[in-house]
Amino acid sequence: MEQVILKLKEEIIAALNLSEMKPEQIDENAPLFIDGLGLDSIDALELTVLLEKKYGLKIKTAEEGKKVLYSVKTMAAFILSGKQG
Amino acid sequence: MPDRVFVTGIGIISSIGLNIEESASALLESRSGIGSISMLETRYKDEIPVAEVHATSNILKEIAEVNIWSAVSRTALFGIIAAKQALSDANINDINEFRTGLISATTVGGMDRSEKFYREYIKNSSSGRLRDIVTHDCADSTEQIADTLGIKDYISTISTACSSSANSIMFGSRLIENGILDRVLVGGVDSLTIFTINGFNSLMILDRTGCKPFDETRNGLTLGEGAGFLVLESECAVRQSGKRPLCEIGGYGNGCDAYHQTASSPEGDGAFRSMQKAITKANLTPGLIDYINAHGTGTKNNDLSEGRAIKRLCGNEVPLFSSTKSFTGHTLGAAGAIEAVFCVMALNHQWVYPNLNFTQEMTDLGLSPVTVFKSDIRLRYIMSNSFGFGGNNTSLIFSAC
Amino acid sequence: MKKSLIVSSFCSVTKKEVTLNNKVIYKGSGNDFSDLSNDIYTKFSIGYPKFHKMDNLSKLGFLSVELLLSDKNLNLKYPGEEIGVIFMNSASSLDSDRHHQDTLSNRENYFPSPSIFVYTLPNVVIGEICIRHKFYGEGNFFVAEKFNTDFLVSYIEELFECNAIQCCIAGWVEFDGDDFESLVFLIEKPDKTDIGIVNFETDIIRNIYEKLK
């Protein structure tokens, strides 16, 4: 889980052009949207593309998206559950 | 005292018809132009509905009277066809009789040809025909239209996303008001491309069943293509020719939402701003607007935002409103002009168009658009909204004469 | 005789250098735009993280306007609704269009990016500037073969004449592959500013532009 979280933080920074952030500045339990990183709807879409591109995982509905993209931790859990098939 | 601006001719081509007559029949019969992709080779062929103009580019060349071998984009062909219709409708035989300009608008330009070239070129850098990319630039379609019609005095191209051709109409009006030109052909053009289908799909705002503006279950927009043009003339030019204008440009307004690159502010600040400016310019009050042809794309965001702005503006007296994008799809750079043409037709025939695909009112809004075609309404002032990415919002008011 | 509008500030950004009111404030070191823009961003302490998400055209326009307004606070002087932004260029959003097209080109690795697509419209740079500075007035983006100073000056004069705006940021912002240049002006009425760098007139603007080469 730790490895996945660290890699994910780096990928998020790259995908969303958060050039001024370092991975250690991102709290994996904090909400990604509204507070925390203050991401917007386009960022949400980019994260959806990231999950598909890097991990081959598709988010099927907006409701699923809201749950999966809540925090770095929930994204990591989604990735791990996907890997287990 | 600024000169008054009159509309003396209109022309249109879209998925509901190749000209005014065909478009009028479709509107009267509530016949939408939305259907499956038939002309583009894309992986989304059977998945994403669009509103195509039902004519291949070769047929369009015939209609436009353009040589079949010439390098003209589909976008420019739409423009040539609609612009010629507008000039004919305005009974203009000598384009240089008065100081005449052309203001056009587009978002994709000649992308329909460029993307074909690119696919070949990227596989093999010695393949692909260079003539397919010379028409790429946004202003190329404008130049093609101007050259075909012989317009030389003043030519310009606007590109402000979905409000582009509404801004053309606004700019053309100002040129006449300020005595810089006597006549301006104003409008916009856009064609369907794999570029835009994929782009909007990546934003997840394409409805898989066809757009449902203002409906609770709406799920996105439907892309369309086409062109709309209007001939605007000064009072002096109209009087000299003795023609009867179709209507008057009553007012217009443009403002920036300044909220997000692509989403509208929740309370519709930008929309409210442009509508209010247009009403002020027209020396009216909101209660005098008889019908609003809404931007109404069918996205969750726009329809709620625009609906709220309309409520803020009109209070308890929200006029009849509908979105004709349920007929033509969202024609992007051409939308403002195509919908302006519908507004001019509405004033002349006293028609109000239905908002197709509407069954359920939005819980967060509590407003219902018109759902059946109406032909017995007294219309004096019609407002048309066009709101673009980048927060560029424009509203136009057409007045009966 | 009609009084000219006044340019109270102007800024240019080219590969060679950045100038503010004809004074060189930054010298380029032959780097590509990515390095150049990041360097300017850091050197002038812009402090707007969303900058990094913008495309090249938006970054160029955004930085030009940030520097243009660096010692000004327009919001104290004018309501947001009275400030307009009018730009022109020749390449439209071609730079981002190419990037978007690239994401569609690989059939096996087919991942169109939403954050690239949103910039495939040239006027989004105006949106970015207005979001940052809370400008709510008129905006327009014209596409033409060359920087037509005659057109720009007369268009903006009309906007002031009919009271559509009381203050305007306008200019040429062009980005196409390796070529980029911008020249932006802050335009006000003569009775609204004590700082008059030059009159906002066709020949004057054209001369300033030609000196960039």
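Kindly indicate whether any position in segment C:146-159 is among the aromatic types (Phe, Trp, Tyr) and over 17 Å from C:Ser90 (Cα atoms). Yes, because at least one residue in segment C:146-159 is among the aromatic types (Phe, Trp, Tyr) and over 17 Å from C:Ser90 (Cα atoms).
Of the listed requirements (1) of a type in the set (Phe, Trp, Tyr); (2) modelled with pLDDT under 95; (3) surrounded by fewer than 20 Cβ atoms within 10 Å (Cβ to Cβ), B:Phe389 misses just one: (3). Do you know which residues across segment C:25-47 are surrounded by 14 or more Cβ atoms within 10 Å (Cβ to Cβ), within 14 Å of chain A (Cβ to nearest Cβ) and not in a helix (DSSP H, G or I)? C:Ile46, the sole residue that qualifies. Does C:Ile46 satisfy the condition of being hydrophobic (A, V, I, L, M, F, W, C) and closer than 16 Å to A:Met21 by Cα? Yes. Listed by first and then second residue, the pairs linking a residue in segment B:166-178 that is basic (Lys, Arg) to a residue that is in a helix (DSSP H, G or I), with Cβ atoms under 9 Å apart and 6 or more places separating them unless they lie on different chains, are B:Arg174/C:Tyr155; B:Arg174/C:Glu158; B:Arg174/C:Leu159. Answer yes or no: is there a residue in segment A:1-11 that is outside any helix (DSSP H, G or I) and at pLDDT below 90. Scanning segment A:1-11, I find at least one residue that is outside any helix (DSSP H, G or I) and at pLDDT below 90, so the answer is yes.
Kindly indicate whether B:Ser202 is surrounded by fewer than 21 Cβ atoms within 10 Å (Cβ to Cβ) and either assigned by TED's automatic domain parsing to the domain that holds B:Gln350 or of a type in the set (Gly, Ala, Ser) (or both). In short, no. Checking the stated criteria, C:Lys189 turns out to be more than 8 Å from every other protein chain (Cβ to nearest Cβ) and either closer than 19 Å to C:Asn73 by Cβ or of a type in the set (S, T, N, Q) (or both). Condition first: assigned to a loop (DSSP other than H, G, I, E, B), more than 10 Å from chain C (Cβ to nearest Cβ) and either charged (D, E, K, R) or on the phi < 0 side of the Ramachandran plot (or both). Now tell me which residues in segment A:28-54 satisfy that. Hits for segment A:28-54 are A:Glu28, A:Asn29, A:Ala30, A:Pro31, A:Leu32, A:Asp35. In this structure, does B:Arg208 turn out to be surrounded by fewer than 24 Cβ atoms within 10 Å (Cβ to Cβ), within 27 Å of C:Thr120 (Cβ to Cβ) and basic (Lys, Arg)? The answer is yes for B:Arg208. Residue count for segment C:135-169 satisfying the condition of being under 17 Å from C:Asn75 (Cα atoms), in contact with a strand residue (DSSP E or B) (Cβ under 6 Å, 6 or more places away or on another chain) and more than 9 Å from every other protein chain (Cβ to nearest Cβ): 4.
Per the conditions (1) at pLDDT below 90; (2) part of a helix (DSSP H, G or I); (3) among the small types (Gly, Ala, Ser), the sole criterion not satisfied by B:Ser126 is (2).
Being within 30 Å of B:Glu29 (Cα to Cα) and not aliphatic (A, V, I, L, M) holds for only one residue in B:Tyr291, B:Tyr259, B:Tyr252, and it is B:Tyr291.
Listed by position, the helices (runs of 4 or more DSSP H) contained in segment B:261-376 that have at least 2 residues being within 14 Å of chain C (Cβ to nearest Cβ) are B:269-281, B:300-314, B:335-349.
Counting only residues that are within 19 Å of B:Ser159 (Cβ to Cβ) and among the charged types (D, E, K, R), segment B:186-208 holds 1 of them.
Consider segment B:248-276 and keep the residues that are surrounded by fewer than 23 Cβ atoms within 10 Å (Cβ to Cβ) and of a type in the set (D, E, K, R). The one that is farthest from the chain's Cα centre (by Cα) is B:Glu267.
Selection of segment B:25-67 for residues being among the hydrophobic types (A, V, I, L, M, F, W, C), farther than 22 Å from B:Gly11 by Cβ and out of contact with any Ser or Thr (no Cβ under 9 Å at 6 or more places or on another chain) yields only B:Ile37. For B:Ile10, the conditions (1) part of a strand (DSSP E or B); (2) free of Cβ contacts under 8 Å to residues at least 60 places away in the same chain all hold with the exception of (2).
Across segment B:117-137, the number of residues qualifying as more than 11 Å from every other protein chain (Cβ to nearest Cβ) and either in contact with an Asp or Glu (Cβ under 6 Å, 6 or more places away or on another chain) or buried (at least 23 other Cβ atoms within 10 Å of the Cβ) (or both) comes to 3. Selection within segment C:97-134: residues that are in a loop (DSSP other than H, G, I, E, B), more than 14 Å from the chain's Cα centre (by Cα) and in contact (Cβ under 8 Å) with a residue 40 or more places away in the chain. The member of this set that is nearest to the other protein chains (Cβ to nearest Cβ) is C:Lys134.
Quick one: is C:Gly84 of a type in the set (Gly, Ala, Ser), under 18 Å from the mean Cα position of the chain (by Cα), within 13 Å of another protein chain (Cβ to nearest Cβ) and assigned to a strand (DSSP E or B)? In short, yes. Comparison of B:Ala26, B:Ala51 shows that the only residue that is buried (at least 20 other Cβ atoms within 10 Å of the Cβ), at negative phi and touching a helix residue (DSSP H, G or I) at 6+ places or on another chain (Cβ under 7 Å) is B:Ala51. The set of residues in segment B:80-116 being over 30 Å from B:Gln240 (Cβ atoms) and surrounded by fewer than 24 Cβ atoms within 10 Å (Cβ to Cβ) consists of B:Glu115, B:Lys116.
Give the residue that is farthest from the other protein chains (Cβ to nearest Cβ), with candidates limited to residues of segment A:55-82 that are of a type in the set (Gly, Ala, Ser) and either within 17 Å of C:Lys50 (Cα to Cα) or not in a helix (DSSP H, G or I) (or both). Filtering segment A:55-82 for residues that are of a type in the set (Gly, Ala, Ser) and either within 17 Å of C:Lys50 (Cα to Cα) or not in a helix (DSSP H, G or I) (or both), the one farthest from the other protein chains (Cβ to nearest Cβ) comes out as A:Ser71.
With respect to the conditions (1) on the phi > 0 side of the Ramachandran plot; (2) crowded, with 24+ Cβ neighbours inside 10 Å, C:Gly177 falls short on a single one, namely (2). Annotation: of all residues in segment C:19-40 being touching a Lys or Arg at 6+ places or on another chain (Cβ under 8 Å) and free of Cβ contacts under 8 Å to residues at least 60 places away in the same chain, the one that is farthest from C:Val184 (Cα to Cα) is C:Gly30. Scanning segment C:46-61 for residues that are closer than 16 Å to C:Gly177 by Cα and free of Cβ contacts under 8 Å to residues at least 40 places away in the same chain returns a single hit, C:Lys59.
Can you tell me which residue in segment B:87-113 is farthest from C:Pro122 (Cα to Cα), limited to those that are among the aliphatic types (A, V, I, L, M) and within 14 Å of another protein chain (Cβ to nearest Cβ)? Taking the candidates together, the pick is B:Leu102.
The values are calculated or read from the model by the stated rules, or taken from the named source; none is laboratory data. Given the structure is predicted, the values throughout are model-derived calculations rather than measurements. FYI the Cβ positions are ideal-geometry reconstructions off the backbone, even for glycines, and counts take in every protein chain you see.
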